[in-house]
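Right, one structure below, let's go through it.
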Amino acid sequence: MPNNSSESIASHAEPRRSEAGMLASVTRWRRKIGEPIIELCIRLSGILVVVFVFLIFLFLLRDSLSLFRQYPLRRFLFGTAWLPISEPPQFGVVPLLLGSIYVTLGAIVICVPLGVGSAMFIAEVAPKHLKNVLKSLVEILASIPSVVLGFLGIIWLAPVLRNTFHLSTGMCGLTGSLLLAFMALPTIISISEDALISVPRTYREAAFGLGATRWQTLWRIVLPSASSGILAAVMLGIGRVVGETMVVLMVTGNAPVIPRSLLQPLRTLTATIAGEMGETVGGSDHYYALFAVGLVLFAITFTINLVADLFLRRARK
């Protein structure tokens with residue numbers, strides 16, 4: 001009987017061993033074949049993204065050069081009048097560029113302190129249950145369509161600013177700056193919070209061990225350690241502001257003049273492209289001038305994203 005039982009156990013164990021061997025061979029085959037395929041797909045995806053960006057640049061450059069064959073590059077870059085339907089037409093990009101700069105700077109002044117402060121509160125001060133609620137609210141803010149914010153600006157914010165500052169119209173740069181700051185807040189808060197959380201816990205424990213208060217630890221230890229990530233968040237928020245179209249098209253007044261302050265109507269690069277592209281004649285100088293404006297906008301946003309990427313790489317190190 002013992003011999004028969006041992007033989008039966010061995011007979012049952014052999015199929016299991018063979019099945020285990022087959023599973024191991026299949027797993028090795030998947031790793032040997034599947035991993036190179038996945039790596040190849042990832043590399044192709046990265047290469048395709050670079051190719052697409054380069055093709056967009058070439059597309060904008062081609063049509064921009066069509067303008068510069070008829071209209072001097074110097075007058076385009078340093079001209080102070082955007083009058084595409086005058087005789088002769090003038091395509092000076094300075095008023096549009098200054099409009100974008102004014103609106104962007106106004107949004108930065110508002111959203112950077114508020115965004116970084118909110119991230120500090122969520123990451124370091126808020127209790128866990130409140131932290132989850134606030135993070136959910138930030139995600140909801142990021143999902144609000146820009147056209148909805150534009151309607152709110154027209155219906156509510158513009159009249160409030162007009163009555164507060166006694167303006168002739170509430171459609172001005174300040175209205176655009178406030179709404180763009182609201183749109184950039186989710187980006188700045190989310191990335192800044194991740195940067196603050198990634199600071200090693202030992203830094204905080206060492207500061208507490210030396211007698212530092214929570215505020216001193218946050219201000220002098222945690223915040224400097226996360227500065228690279230916070231700067232990257234700010235740069236990405238700026239990129240979000242510069243590239244926004246619908247809000248500035250709806251609430252800034254669309255006056256292509258050199259702005260003197262945020263309390264007057266102005267026009268940005270993106271609003272010019274969106275507002276005039278549908279009214280131009282294909283192949284005209286005005287048509288190609290809008291592509292040249294797009295090339296300027298592409299160069300600005302590319303530079304901002306490149307700087308933000310450099311800061312993110314530094315933060316990871």
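With respect to the stated conditions, Ile56 fails to be modelled with pLDDT under 85 and part of a helix (DSSP H, G or I). Only one of the numbered conditions (1) more than 24 Å from the chain's Cα centre (by Cα); (2) free of Cβ contacts under 8 Å to residues at least 40 places away in the same chain is violated by Pro224, and that is (1).
Of the listed requirements (1) more than 30 Å from Pro95 (Cβ to Cβ); (2) modelled with pLDDT of 90 or more; (3) within 11 Å of the chain's Cα centre (by Cα), Ala232 misses just one: (2).
Within segment 144-162, being among the aromatic types (Phe, Trp, Tyr) and farther than 11 Å from Val247 by Cβ holds for one residue alone: Trp156. For segment 62-76, the set of residues classified as surrounded by 14 or more Cβ atoms within 10 Å (Cβ to Cβ) and either touching a residue at least 12 places away in the same chain (Cβ under 8 Å) or of a type in the set (Asp, Glu) (or both) consists of Asp63, Ser64, Ser66, Leu67, Phe68, Tyr71, Arg75, Phe76, listed by residue number. Candidates are the residues of segment 246-263 that are touching a Gly at 6+ places or on another chain (Cβ under 7 Å) and of a type in the set (S, T, N, Q); the one that is farthest from Ala81 (Cα to Cα) is Thr252. Scanning segment 215-261 for residues that are β-branched (Val, Ile, Thr), closer than 24 Å to Leu306 by Cα and assigned to a loop (DSSP other than H, G, I, E, B) yields a total of 1.
The residues on offer are Thr175, Thr187, Thr169, and the sole one that is in contact (Cβ under 8 Å) with a residue 40 or more places away in the chain, of a type in the set (Ser, Thr, Tyr) and not in a helix (DSSP H, G or I) is Thr169. Within segment 95-107, none of the residues are over 25 Å from Gly239 (Cβ atoms), in contact with a Pro (Cβ under 8 Å, 6 or more places away or on another chain) and either free of Cβ contacts under 8 Å to residues at least 40 places away in the same chain or in a helix (DSSP H, G or I) (or both). Out of the residues in segment 126-150 meeting the condition of being without any contact (Cβ under 8 Å) to a residue 12 or more places away in the chain and of a type in the set (S, T, N, Q), tell me which one is surrounded by the most Cβ atoms within 10 Å (Cβ to Cβ). This residue is Asn132. Being of a type in the set (Gly, Ala, Ser), modelled with pLDDT of 90 or more, in contact with a strand residue (DSSP E or B) (Cβ under 9 Å, 6 or more places away or on another chain) and within 28 Å of Thr187 (Cα to Cα) holds for only one residue in Gly99, Gly106, Gly92, Gly115, and it is Gly99. Can you confirm whether segment 110-124 contains a residue that is more than 23 Å from the chain's Cα centre (by Cα) and under 30 Å from Arg214 (Cα atoms)? Yes, segment 110-124 contains a residue that is more than 23 Å from the chain's Cα centre (by Cα) and under 30 Å from Arg214 (Cα atoms). Selection over segment 228-253 of residues that are over 14 Å from Leu105 (Cα atoms) and of a type in the set (Gly, Ala, Ser) gives a count of 5. Looking only at residues of segment 275-295 that are of a type in the set (A, V, I, L, M, F, W, C) and modelled with pLDDT of 90 or more, we find that the one that is nearest to the chain's Cα centre (by Cα) is Leu295.
The values are calculated or read from the model by the stated rules, or taken from the named source; none is laboratory data. It should be emphasised that the depicted structure is a prediction, and the values quoted were computed from it without experimental measurement. Reconstructed Cβ throughout: ideal geometry from the backbone, glycine too, with neighbour counts over all protein chains shown.
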